[in-house]
Every structure is written in C-alpha cells, then in structure tokens.
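Here's the structure, in structure tokens; my notes come after.
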Amino acid sequence: MTHDAKTVLASARDLAPTISARAAEIESNRRLPPDLLAQLTAAGLFRMFVPKSHGGLDLDYPTSMEIIEALATADGATGWVVMIGCETPMLLALMPPRRFDQLYADTPDVIIAGGFAPRGAAEPQSDRSYRVNGRWAFASGCQHSSWLLGNCVVTENGKPRPGLIPGTPEVRAMLFKAERATILDTWHVAGMRGTGSHDIAVKDIIVPPDDTFDIFLGRPTIPGPGLSEPLLYAAMHIGAVGVGIAERALSEMIKLAGTDKQRLYAQSSIAASPLFQYRLGHAATSLRAARGILRSEADAVWAIAVAERVATPADRSRVMGTVTWVAHTAASVVDACYTAGGGTSPYDASPLQRCLRDIHTLTQHAAVAESWLSGAGASVLGADSGFAL
C-alpha cells in the first residue's frame, strides 16, 4: 500500500465518527451536507482513481475496497455516494483522451452522476452531435455533481439503430453539464435515503460526439490499471458498501449485548442467551466470509489489470456471482442483528433499523440481482452464462 493510499484510508477512518454522528441528518436531508461533502473531497476520496498526471492519487483498487467499507460502516449512504463519485474517472476514461484532459484541466475532483439504463433517445445530427431526450432514475449524488450522464438508445428517424451485438440496439451514454438537466424530486424511499438518487431529465439538448461513450462495450483510452475494469470495479464496490452496512449492524449488536439488555419474559440478559450467542457467531462468521471472498476477487481483478490483461467472460461471471452472494449474505447478517435487537430495533433512533432499510435497498440494485448467480452457475458448467459485461 502506497503512502497516498494509507493517508486516504486513515482520513476515511478519521472521518467515520463525524459521518456516523450525522447519519440522521444525512437521511433527513436525503443528501450529503455540503460541508461534509467538502471534507470528503479534501480527504481525496473523489480523486482516488484519477491519474497522477491529472492531479489525482491513482490508488490501487484493493485499498479502495477498505476505504468504501469504512465509510459505509459509518453511514451506508455516505459510502454509496463516495463510491459513485470516485468511479467518475473510470467512466470518463471511455471518452477520447483529449476530452478526458479537458474535463480534468481545472480540478481532479470531478464528480458525475446519472443512469446506466438506456432510458433516453439520442438522434444523430448532421454535424455528428446528438439530439438527446430522456429521463433516468437512480442518479445518486446528482445534486452535487458538476456533470450528469444518461444512457441512450441511438435512433435514426426515431427508430433504434442496430448495435454491434445482433438483435440489440446501439446504446451510448451522453454526458452533459448538470445545469442542462432537470432534477426531479423522486427519491422518497425506504433506505439509502441520503444518496439523493433522484431522477434526472433532459429535453432536446445537443451533445457533441466527444461527450459520448459506450458504458458496456467501450474500452478505456487512458492507460492504468485503476481505469481498466470500470464495471467490475463498480460492482465490487457495491459489495463493499454491503459489507460496511453489515459491519455496522454487527457492531451495534455487540454494543447492545454490552448493556445487559434483557428481552421481555426472558430470565437472563441477551448476552447470556445461547440463541443470541449462536446468532452472533453465525453473523460474525458470515460477515468474515463475505469480506474475505470479496477482497479475494478484488485482488484477482486488480492482478489482471496490473498485468494489462482483460478479464475473461468466466472471470466476469464469477465476480458478479460473488458480489451478488456477498450482498445477500450481508443482508442476512443485518437481518440477524435486527432480530436479535428485539423491541428497540424498529425505532428510528436505532442504527439497526437504518441498517435494515439500507441493506435491503442495496439488494434491489440490478448489479446484485439473483440472476447473476444463475449466470455464474452456468459458467461453472461451461454453458453460456446468458449475460456479459
């Protein structure tokens, strides 16, 4: 681990108590407070993967897993928002090098947000630009992002243009300044409320060709292992957020045991209960296993990137299956902790209640849908996994 990596990790851990103390405020406001965002920015959390040539830190990916987990342990929404923001250069590296240089000319702390689902339409114009219309959900961090993106189906005369894969349309992401879009106040949800994952929409805006890229089939134009596998890196970060939330729930469960809490009608404290001890042991072991296998995959993908190789379809199926298992295992850990907390768990003041809502919102993400495990199983059998990244 480099000096920069150690410094950023230490900064994240130092900020954790402050973040945790402001979790209710973050949730109530449904976004990160501007002053806290400034602290996170100053700590270098949004420039982790920006190349040093562009003012960034160019950290190794495995360290970022520890950083994201530490932040998510303090507050799931904060971990998520930093996750989205720090992945910005991974997406911008899919653009032409000159455009990447322009976007980072003034600051390494560029933050983008947007939607990967192709819910927009981009009609090519005579000058190779695109006329774009669309509305995208789940734009986490959109209120503090300087740029937004929306994935679009490319159309000609209003009809989808065929893509490289037979039977599918051409899809390209469109990047535009935040002020050109409308943020729709839609993020009224059960969990992860502080992520500000509102809908964004644009109408008849023109996007130049250099401000477009292919999220799923594009390859980075900027060298460096930290930019080479944006989709796998993003997926494993989601797993790290899940592990962080589960770690917080487990710590709250242990803290509760230290209060000599006694369940109604019970003859002894919960800490003395064999059932509680079983649940604690099972949860702690499950969490350790989830963290271990996720870190192992992060190390493996990083090694592939450092060797300047490209992950194979089998690698991708395995990683996505692993991330899905980790997220759902983290949810089972939180469930066990919430149940063990008894009558205090349902209250808004209980961190266990927030953990429960946050983790079950996370498991609804498309990147951890159970179909990824089906694909991983098909890959083990040597069959077509049915999906690709």
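The values are calculated or read from the model by the stated rules, or taken from the named source; none is laboratory data. These figures come from a predicted structure and were not determined experimentally. Please note: Cβ atoms are built from the backbone with ideal geometry, for glycine as well, and neighbour counts cover all protein chains shown. Protein only, heavy atoms only, side chains kept; ligands, DNA and RNA dropped before computing areas. Shrake-Rupley method; radii C 1.70, N 1.55, O 1.52, S 1.80 Å.
Is region 213-265 rounded, prolate or oblate when judged by the Cα gyration tensor, a ≥ b ≥ c being the square roots of its eigenvalues, rounded requiring a/c under 1.5 and prolate requiring a/b larger than b/c? Cα axes put region 213-265 in the prolate bin. Counting only protein heavy atoms and a 1.4 Å probe, the chain has 43 square angstrom of accessible area per residue. If R0 is 22 Å, the Cβ-Cβ spacing of A303 and L381 corresponds to a FRET efficiency of close to 0.30.
Between A272 and T221, what is 0.36 nm times their sequence separation minus the Cα-Cα distance? Round to one decimal in nm. Mind dumping the intermediate values first?
Details: separation 51, 0.36 × 51 = 18.36 nm, distance 5.84 nm.
Roughly 12.5 nm would be gained on extension.
Taking one quarter of the surface of the C-alpha convex hull of region 294-351 gives a mean projected area of 5.3 nm².
Just V243, V153, V306 to compare: in a GNM of the chain, with alpha carbon springs under 10 Å, which one fluctuates most? Judging by the Gaussian network model, the answer is V306. Counting only protein chain heavy atoms and rolling a 1.4 Å probe, the accessible areas of T41, T18 rank, largest first, as T18, T41.
Provide the net charge surrounding F46, with neighbours chosen by a C-beta distance below 11 Å and charges set as Lys +1, Arg +1, Asp -1, Glu -1. Each step should come with its number before you reach the end.
Values: positive: R47; negative: E87, D109.
Taking every Cβ under 11 Å from that of F46, the sum is -1.
Here the accessible area of region 66-151 is 49 percent carbon and sulfur, with a 1.4 angstrom probe and all protein chains present. Once the mean of 1/r is taken over each pair of separate Cα atoms and inverted, region 190-330 shows a Kirkwood hydrodynamic radius of 18.7 Å. Length gained on full extension, H360 to K203: 53.2 nm, using 0.36 nm per residue less the C-alpha separation.
One equal scatterer on each Cα of the chain, no solvent, Debye formula: the resulting log10 I(q)/I(0) at q = 0.09, 0.11, 0.13, 0.15 Å⁻¹ is -0.53, -0.79, -1.09, -1.41. Once the Cα atoms are used to define both axes, helix 371-380 deviates from the longest principal axis of the chain by about 80 degrees.
Hey, can you rank 364-372, 226-234, 271-279 by average C-beta count inside 10 Å, highest first? Write down the numbers at each step before the final one.
Details: 364-372: 16.6, 226-234: 23.1, 271-279: 14.8.
Those peptides, ordered most packed to least, come out 226-234, 364-372, 271-279.
Taken over the alpha carbons of region 335-389 as equal point scatterers, the Debye sum produces base-10 log I(q)/I(0) values at 0.14, 0.23 Å⁻¹ of -0.55, -0.81. Considering only alpha-carbon pairs that sit under 8 angstrom and 6 or more positions apart, the relative contact order computed for the chain is 16 percent. Ranked by the mean number of other Cβ atoms within 10 Å of their residues, highest first, the peptides 123-129, 2-8, 216-222 fall in the order 216-222, 2-8, 123-129. The share of accessible area on region 175-247 that comes from carbon and sulfur is 58 percent, using a 1.4 angstrom probe. With a simple spin-label model that places each label point 7 Å from the Cα along the Cα-to-Cβ direction, the separation between S296 and A117 comes to 3.4 nm. GNM remark for the chain: springs join alpha carbons under 10 Å apart, and the peak mean-square fluctuation among N29, N157, N133 falls on N157.
Rolling a 1.4 Å probe over the protein heavy atoms of region 276-383, with every protein chain left in place, gives an accessible area that is 61 percent carbon and sulfur. Under a straight-distance cross-link criterion of Cα-Cα below 27 Å, which lysines are reachable from K52, leaving out those fewer than 8 residues away in the same chain? Partners found: K6, K177.
Given R₀ = 45 Å, what would the calculated FRET efficiency be for D185 paired with R161, taking r from the Cβ atoms and rounding to 0.05?
With a Förster radius of 45 Å, E is 0.85.
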